[in-house]
1. For Leu180, state whether it is in a helix (DSSP H, G or I) and within 27 Å of the chain's Cα centre (by Cα).
2. I need the full set of residues from segment 39-48 which are in a helix (DSSP H, G or I) and surrounded by fewer than 19 Cβ atoms within 10 Å (Cβ to Cβ), in order please.
3. Just give me the residues in segment 257-300 being aromatic (Phe, Trp, Tyr) and part of a helix (DSSP H, G or I), in sequence order.
4. Which condition from (1) part of a loop (DSSP other than H, G, I, E, B); (2) closer than 24 Å to Phe321 by Cα is the one that Leu27 breaks?
5. Could you count how many residues in segment 208-221 are surrounded by 14 or more Cβ atoms within 10 Å (Cβ to Cβ), without any contact (Cβ under 8 Å) to a residue 24 or more places away in the chain and closer than 12 Å to Leu184 by Cα?
6. Please go through segment 302-320 and give me each residue that is buried (at least 18 other Cβ atoms within 10 Å of the Cβ) and out of contact with any Asp or Glu (no Cβ under 8 Å at 6 or more places or on another chain), ordered by number.
7. Can you give me the number of residues within segment 168-184 that are within 17 Å of Tyr427 (Cα to Cα) and of a type in the set (Ser, Thr, Tyr)?
8. Residue by residue through segment 49-78, note down the ones that are closer than 15 Å to Pro134 by Cβ, assigned to a helix (DSSP H, G or I) and not aliphatic (A, V, I, L, M).
Amino acid sequence: MPDLYHTFLKYDLGHLRIVAGLWGLELESNEADSAAEELAAALLDPEPVHETMEILPPDSSAALKALATSNGKMEWSAFARRFGEIREMGAGKRDRERPHLKPISAAETLFYRGFIARAFFDSDKGAQEFAYIPEDLLELLRLEGFEEKKGEPLGRPATPVEKAFEIPATDHILDDATTLLAALRLGKSDFQSNAQLSALLTTAGILKKGVPQAEKVKAFLEASRADALKMLAEAWKSSQTFDELRQISSLICEGEWINQPQVTREFLLDLVNAIPQNKWWSIPAFVRAVKEKYPDFQRPAGDYDSWFIKRAADGQYLRGFAYWDQVDGALIKYFIQTLHWLGMADLASPEDGKEAAAFKIQSKVEEPALSVSKGQKSDLRPLTFDGRLTVTSNGKITVSRFFSRAVRYQISRFCEWEEPKADDFIYQVTARSLAHAKEQGLQAGQLLAMLVKHTNSAVPPALVKALKGWEAHGTEARVKTLLVLRVSRPEIVDELRKSKAGKFLGEVLSPTAVVIKSGAESKVLATLAEMGLLAEIDS
C-alpha cells in the first residue's frame, strides 16, 4: 500500500490544508508536492496521532479499528456499506460546501483527517477499489495498539427464552450413514434422497458417484463411534467440494459462479472457537454481529450481483446486499446446524418445534465433542458397544444402534426392513429377502453364522432350521393370492373348458372350483353369460 506521502501527492493544496487544519497544523508550503511532504512528516509523530485518535467520534474510531484489523485495507464496497460513503466533489464545490465540517459518515470523517484513502489494487478478480490506511500510518497505529482485539466472541449469551428447549448433540449421523450405505447396496430408492449425507460421505471418500467404496465402507463401519464421527468431521472441515450454500433447501443456486466453501468454513470455525465453551450463545445475535463486522465473509470483493441464487419457495432471485439475511445469514445458521449434525454443538429453541435460537460448543471445534462434563446434558453415548442384538423364532432381528454398525450393515442385507423404534433397528428374515441376498452373492449360512457369533449361540432352533432348510431347498412353502371360480355343478367347469374361455382357466382345485388367470375374470364372466349363467364377484 502507498505510504502517507505518496497518498498525499494525489491531492490538491486545498485538500492538504483541510487535513492540516483538522490536525491543528498550519502548512508553510504553497506547493502541493512540498506541502504533501511537510504534512506527512507532521502526521507521523506519535504524539499528535495519539491525541487525534482520542477525539475521534466512536463510529469513526470503530471504522479505523476495523480497517487496521483487516491488514489496513478493505474492499471499498464493503467498507462503505458499513461505514458510509465519501461524497464525490471537485475542488471548487468542496471549498464552497466545506464537507469536512459536517461529514456525513465515519468514512468521510477519516478521509478528511488523512487516516484513510481510496485506490485500486490487484485482487483475485482483477483490479478492485479498496479503502486503505497509508502504510507508515498503519504501522504507527499498530504501535499504539489501535486494532480490534482478535478472538473476541461475536454476539452475546443466549437469553432464557432462546435456550428454553434444549436439543442435545447426538452421533445419530453414524446410524443414518450406515442405513444409507446398506440401502445403496440393496438398491432401495426410498433411502437415497438424503443429499447432505450423500455429499458428506462422498467428500469422505466413502461414496464415489453414489456407489459405496468397499474398503472405505469397511473402515468406516468397523471404526469406533468416536473415530467414525471424527472421520466425518475432519472430512467436512477440510473439504473443498462440500458446499453448505448449495445444500440449503430453501435456496436454489444457478449458473457457473464459484464460491469457496472451505475458506468460508474455516472463517466461521474461527469465529465459533472464540465463543466461550459450554455457554449458550444467541444465534440471532451471532448472525447480526457477523453481518455488522464481516458482511462479505463469503463474497469475494463484496460481490452480491453475480451469484444467481433464488428462493425455492417462489423462485424470487436474491441478488444484492438487501437479501443478505436470506442467503448469507441462512448460511451461518446452516453452518451451526451442521456443527450440531456432526455432534459438535448442542442447540436450543424457545420451544419444541421452533427454529433453533441458541447453540453451545462443548469444546473447541477441532474434533467432535465426544466427552461430556459432569452436569452436562448430551445424547452422545459411551464409545464402547453397549447395545444388543436379539433374534426371535419367527425371524425378527432387533439391533441396537449402539451395537456394531458393521454387523447391522451386514444383517440388513439379508432382511426386510421395518420401521426403527427408539434406538432399535428391526429386520425380518423372509424367503424374498434371502432370495434378494442370494442375487448379491450372499448365502443364508453366512447370516446364520453371524447371528450365532453375535448372540452367543442364542439363535432360536426354529430359525436355525429355517435358514438351513432354505439354503438346502430354497422356498419350501408359498402363500399366493388366487382368483377362484366356484360353480354349483361339475358340468359347468367341463363346458367352460371347451369354450373360448378355456384358455383362461388354471389349476382345478375341486370338481366345482377352478383358478382363473389374473386379469381374465371379465372374459370368463362374459362366456358364462353366453352359456346362460349369471355369475357374481364375491369380494
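The values are calculated or read from the model by the stated rules, or taken from the named source; none is laboratory data. On a predicted model such as this, the values are computed, not experimentally measured, just so you know. Cβ placement follows ideal geometry from the backbone for every residue including glycine, while neighbour counts extend to all protein chains displayed.
1. Values: in a helix (DSSP H, G or I): yes; within 27 Å of the chain's Cα centre (by Cα): yes.
It is true that Leu180 is in a helix (DSSP H, G or I) and within 27 Å of the chain's Cα centre (by Cα).
2. Selection gives Ala41, Ala42, Pro46, Glu47, Pro48.
3. Filtering segment 257-300 down to residues aromatic (Phe, Trp, Tyr) leaves 257, 267, 280-281, 286, 294, 297.
Matches in segment 257-300: Phe267, Phe286.
4. Of everything listed in (1) part of a loop (DSSP other than H, G, I, E, B); (2) closer than 24 Å to Phe321 by Cα, Leu27 misses just condition (2).
5. Within segment 208-221, residues that are surrounded by 14 or more Cβ atoms within 10 Å (Cβ to Cβ), without any contact (Cβ under 8 Å) to a residue 24 or more places away in the chain and closer than 12 Å to Leu184 by Cα number 1.
6. The answer is Tyr304, Trp307, Leu318.
7. 2
8. Listed by number, the list holds a single entry, Thr52.
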